[in-house]
Each structure stands twice: as C-alpha cells, then as structure tokens.
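What follows is a short report on a single structure.
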Amino acid sequence: MGSEAMVPEWASEPCIMGIDEAGRGPVLGPMVGEDEFGYMLADILKENNVNNQGMRFDPGARTALAFVTLRSDGEREFMFYRNPSADMLLQEDELDLDLIRKAKIFHYGSISLITEPCKSAHIAAAKAAKDAGVFLSYDPNLRLPLWPSADSAREGILSIWETADIIKISEEEISFLTNGENPYDDAVVRKLFHPNLKLLLVTEGSEGCRYYTKEFSGRVKGMKVDAVDTTGAGDAFVAGILSQLATDLSLLHKEEQLRDSLKFANACGALTVTERGAIPALPTKETVLNALLEPVL
C-alpha cells in the first residue's frame, strides 16, 4: 500500500537546494502564489542559504501543488493541481534579467514551456543567460499529464534542445523523444547530441548513468541502496554534477575528473532515495563524501 503527500510544485527546487554552497546561486525568477505554500518555499530556500531574491509572488493565483503517491517499491505517481497556478502566469517583464546575467549556471526544465505567458518568459530568460555567457543546464523532466498531448510535449521539449550546454535525460525520455527507439543504443542517444552540446547525461536509476561528450563517452555505476522514496533522485543527481561544474567547468574536457564528479552525483541521487521527501532527503556534501569512502560489499 502506498502513501501520499501534497507538496508545492516547483520542479527545480530540490535541484537548487542540493547544490553545494560553493556553487549555490540565486533563484532566478520562479513565480509562486502569495499564499502559505509560496512563502514556505521561499523560507525553505532562505533557511538553506539560497538567495531567493528572484522569486515573485502573485496575489491573484495559487502556488502549484503536486500530489505524490508512493508505491511499495518507492516509485511515484503524480497528480498536479495548477489550472492556472502562479508559475504559469510569469511574464517576461517580471524577470530580473540583471540577476540572470550574473549567474554561473542557469538550470531549467520543460514544464514552463507548456503555456503562455510563462513559455515566452522562459525563452527570454534562457536567451538572456546564453547571451551573457551563462552555462545552460536542461533537465526536461517529462510530466506528460501536464501537456495537451504527447506530440505537443515532444515538440515543446525539443524546441529549446539546441540552446543547452548540458542536458540530463532518463531512459524513458530517450524512448519518448525518439518515438520508441532503444534508449540503450549509443547510436540512438547520439541522435540527441546537438552540435553545441558540451555534455549529455543519461540517468539509469540504481544502475548509475551514462555520459556523452564530443570527445568521449562511458558509464559510471550507481551506488546500491534500499529505496524508500525515489522523489527528488534526479534533482539530487543534477545538483551533484552542477555543484562540481560550478567549481570547475574544465571537468567537461577531463574524463577521469568528470567520472569522479558523476560518482558524486550518483551518490547524491542514491542517498536521496533512502529517505522520504525530496528536499528533506537531500544529503549534505559531507554525507555524500563519507558514503563514497565506504567499502563496496
């Protein structure tokens, strides 16, 4: 029998929360409702030393909610309450472009591409970041029930594909974006590697991840744990690798160092699934490093 939780829906928050303080920057422009859930999100960020000055509070709309049901194996099912929520109403003129241009890494998903005016705001923010030389990180984070159709989801996700410097996708998302092709075939994955991409990451759950650059590719094994709740595992993984890249972008050209960083990211994701909740389960840097030192049985 599963369990249920209701949480404010902001797809990137666990990722932002998980980035080590050395790479932790301001939250760039999410819109939440002027309600208890919105203030809760802002407070959680502040309590964890994340600059939340880019957040916007809409007095006329509610913060989006996600109902998460856990199966006995720790996997999740989602139901979203938006219709419309504050994040869907973010407009381009509400963006703090100066703040965006000062970022080192700009991380985003695809949910903000579903409806206007948020779609145009998303595109404008990414363009401002790109023009300023900011490193763009993209996790499509496919949530098909939120899109009008599978075709619109595929088109929307791919519409901004070639602007990203790093992309993280899952096996399921590869199959979806390639219309059912084999996600374990490197030739299929390489079809998603655009000319300006620096790093393509494929997460494989407990098995770890694959990495692809123009110069090399490979696989890094995951850390074996007993899964309790897989919510936030992908965000923790992305937070792990972005925290490493925020310190040293040259890792993208050094395979051994990149592999070490991906071991760190895998451990972030693995440790997150050992506890319930997305944000409460995020491990500290010290916890991750200690786990990596433990002998493999």
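Remarks
- Each residue was assigned an accessible area with a 1.4 Å probe, and for Leu142 the value is about 40 Å².
- Label separation (Asn83 vs Asp35): 1.2 nm, computed from points 7 Å beyond Cα along the C-beta direction.
- The relative contact order of segment 55-174, computed from alpha carbon pairs under 8 Å that lie at least 6 residues apart in sequence, is 21 percent.
- Looking at segment 52-98, the trypsin sites (Lys or Arg not before Pro) that sit in a DSSP loop and have at most 13 other Cβ atoms within 10 Å of their own Cβ are Arg71.
- Between Ala187 and Glu116, the contour length at 0.36 nm per residue exceeds the Cα-Cα span by 22.0 nm.
- Gain upon complete extension [Asp93, Lys130; 0.36 nm per residue less C-alpha separation]: 11.5 nm
- As a fraction of the 1.4 Å probe accessible area of the chain, surface on carbon and sulfur atoms comes out at 50 percent.
- Taking the centroid of alpha carbons for each part, segment 227-248 and segment 167-200 are 19 Å apart.
- Heavy atoms of the protein chains alone define the surface here; on that basis segment 123-231 has 45 Å² accessible area per residue at 1.4 Å probe size.
- Taking 12 Å as the straight-line reach from the Cα of Lys221, the aspartates and glutamates in range (excluding those fewer than 8 positions away in the same chain) are Glu204, Glu207, Asp260.
- Segment 162-249 - percent relative contact order, Cα under 8 Å, separation 6 or more: 22 percent
- Positive-end ranking of His253, Thr274, Thr231 along the dipole of segment 143-297, with charges on Cβ about the Cα centre, is headed by His253.
- For segment 96-174, a/c is not less than 1.5, where a ≥ b ≥ c are the root eigenvalues of the C-alpha gyration tensor, and a/b does not top b/c. That puts it in the oblate class.
- Relative contact order for the chain, counting Cα pairs under 8 Å that sit 6 or more residues apart, in percent: 17 percent
- Overall form of the chain per C-alpha gyration tensor (a/c, 1.5; a/b vs b/c): rounded
- Rounded to 5, percent antiparallel among DSSP beta bridges of the chain: 60 percent
- Nearest-10 value in Å² for the accessible area of Met40, using the 1.4 Å probe: 80 Å²
- Thr230 accessible area, 1.4 Å probe, all protein chains in place, Å² to nearest 10: 20 Å²
- P(r) weight above 26 Å for segment 125-259, C-alpha pairs, percent: 22 percent
- Reachable lysines from Lys198, criterion Cα separation under 17 angstrom, eight or more residues apart if same chain: Lys104, Lys130, Lys168, Lys214, Lys254
- Gyration tensor over alpha-carbon atoms, segment 230-286, equivalent ellipsoid semi-axes in Å: 23, 9, 8
- Our Cα-only numbers for segment 23-166 put the radius of gyration and Dmax at 15.4, 46 Å.
The values are calculated or read from the model by the stated rules, or taken from the named source; none is laboratory data. Just so you know, these numbers come straight off a predicted model, no measurement behind them. Reconstructed Cβ throughout: ideal geometry from the backbone, glycine too, with neighbour counts over all protein chains shown. In case anyone asks, the SASA skips ligands and DNA or RNA and just uses the protein heavy atoms, side chains included. Shrake-Rupley method; radii C 1.70, N 1.55, O 1.52, S 1.80 Å.
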